[in-house]
Amino acid sequence: QLILQQAGPLPITAAFNSIGDSPMYLEVNGSIWTQTPNVMTSISIDIDGQAVGKASIFSNGASTHRAVVPAYIQVKLSQGPHKLTLSAGANTVSDKNDFFTAVIHY
């Protein structure tokens, strides 16, 4: 189930409906950058206001857009409406040149 597929900048919030309440995986990927060399960068992932994980990549250089390592997070959601929020983690910047995707795998 595709939740979002859009350009940045972060934060991005998307409403979605869970089609069931069985265990599922949330996949998040995208690109980000940093102004500081040699730091960990990340996309913070929240569902319904609760932190569930991060998609991260270490950046040796500054001012270079990098694709994060895709995050696969096991979640258990009730059937019905939910809200996903992606935001920039510490040392992380995003802009209109970054692109983000979030998918639920049932």
- request: Taking H placed 1.01 Å from N in the peptide plane, check which residues at least 5 places from Ser18 or on another chain put their amide H under 5 Å from its amide H.
  value: Gly80, His82
message: Quick check: at a probe of 1.4 Å, how many percent of the accessible area of the chain sits on carbon and sulfur atoms?
response: 52
query: How about region 1-92: which trypsin sites (Lys or Arg not before Pro) there are in a DSSP loop, with at most 12 other Cβ atoms within 10 Å of their Cβ?
result: Lys76
- prompt: For the chain, what is the accessible area per residue in Å² when the probe is 1.4 Å?
  reply: 51
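The values are calculated or read from the model by the stated rules, or taken from the named source; none is laboratory data. Note that the coordinates shown come from a computational prediction; the quantities given were computed from them, not determined experimentally. All Cβ positions, glycine included, derive from the backbone under ideal geometry; neighbour counts span all protein chains shown. Protein only, heavy atoms only, side chains kept; ligands, DNA and RNA dropped before computing areas. Shrake-Rupley method; radii C 1.70, N 1.55, O 1.52, S 1.80 Å.
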